[in-house]
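Data first, discussion second: the structure below is written as structure tokens.
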Amino acid sequence: MLHAYASSANDVRMLGRFLQKQGYTVLAPMFAGHATGEPADILTAGSPKAWWQDTQNAIHFLREKGYQQISIFGLSLGGIFAMKALESDPTLIGGGSFSSPVVMARKNHLIPEFIKLAKATYRYSDLSEQEIAQRLQYLQERVPDQLLQINQFAGEVAAGLDQIHQPTFVGQGGQDELIEATKAYDLRDQLINSQVSFHYYEDAGHVITVNSAHHQLEQDLMTYLTAIYES
């Protein structure tokens, strides 16, 4: 279970706990630069290359522990890397994305959301208002470059979706406040060699792993997992 940009594994903790209770082993790694208490670490320690390595390391870790039937899912940013893993590793038995901008739109609201979250993080620190303003300015100037890198990586992933032959799960909140929700239909339609379990939660926002859609998401995901693990 891979988490979102500018966030942490807490994004997928509730869903992971639910799946554990159903008898599944769940690993929720932390992407490089995240959950350090310093939002700038996402820019200095993190990158698509680093996060792809984190994804591969997590899969390798599970295999080293003896797990052979592995599926991979991701929320938002994490969904991009989950789909990349499915393209790259046909031995994964399935996986998918939750509210993920694999197929990018021209507009999104990720930069203001990142700055808002960073500001909230700094409010809990001992920084002065001037220091907070300086750090937010630093982020404001550099986040666009990293989002461009993510967009380029997502574009490469989107171009390879026809390489996915495993069954995939695509979940999307219809009232997504960060990305264009209807792009999930494009993602579904580009998975031309995969049997897609598609779920559009009309009234839900972006983080469907914890918001009003999470109970239905849990049930839908269980139906999907039961099918791929018993086939």
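The values are calculated or read from the model by the stated rules, or taken from the named source; none is laboratory data. The shown structure was predicted, so the numbers you read here are calculated from the model rather than taken from an experiment. Neighbour counts are summed over all protein chains in view; Cβ atoms, including those assigned to glycine, are modelled from backbone coordinates with ideal geometry. SASA here: full protein model, heavy atoms, side chains in, ligands and nucleic acids out. Shrake-Rupley method; radii C 1.70, N 1.55, O 1.52, S 1.80 Å.
Of the residues making up segment 125-153, those that are in a helix (DSSP H, G or I), open to solvent by less than 50 Å² (accessible area, probe 1.4 Å) and among the aliphatic types (A, V, I, L, M) are ILE132, LEU136, LEU139, VAL143, LEU147, ILE150. Counting only residues that are hydroxyl-bearing (Ser, Thr, Tyr) and open to solvent by less than 20 Å² (accessible area, probe 1.4 Å), which one in segment 61-108 is nearest to ILE228 (Cα to Cα)? Out of the qualifying residues, it is SER97.
Just wondering, is there one or more residues in segment 121-128 that are aliphatic (A, V, I, L, M) and within 26 Å of GLU218 (Cβ to Cβ)? Within segment 121-128, none of the residues are aliphatic (A, V, I, L, M) and within 26 Å of GLU218 (Cβ to Cβ).
For PHE31, the conditions (1) on the phi < 0 side of the Ramachandran plot; (2) of a type outside the set (A, V, I, L, M); (3) open to solvent by 50 Å² or more (accessible area, probe 1.4 Å); (4) modelled with pLDDT of 95 or more are fulfilled apart from (3).
Checking each residue in segment 29-43 for being closer than 24 Å to ILE59 by Cα and in a loop (DSSP other than H, G, I, E, B) picks out PRO29, MET30, PHE31, ALA32, GLY33, HIS34, ALA35, THR36.
One line per residue, one yes/no per condition, for (1) under 22 Å from ASP89 (Cα atoms); (2) crowded, with 21+ Cβ neighbours inside 10 Å; (3) modelled with pLDDT of 95 or more:
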site: GLY160; (1), (2), (3): yes, no, yes
site: GLN166; (1), (2), (3): yes, yes, yes
site: GLN172; (1), (2), (3): no, yes, yes
site: VAL196; (1), (2), (3): yes, no, yes
site: GLU202; (1), (2), (3): no, no, yes
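For segment 185-231, a residue qualifies if it is within 23 Å of GLU87 (Cα to Cα), free of Cβ contacts under 8 Å to residues at least 40 places away in the same chain and among the aliphatic types (A, V, I, L, M), and the qualifying residues are LEU191, ILE192, VAL196.
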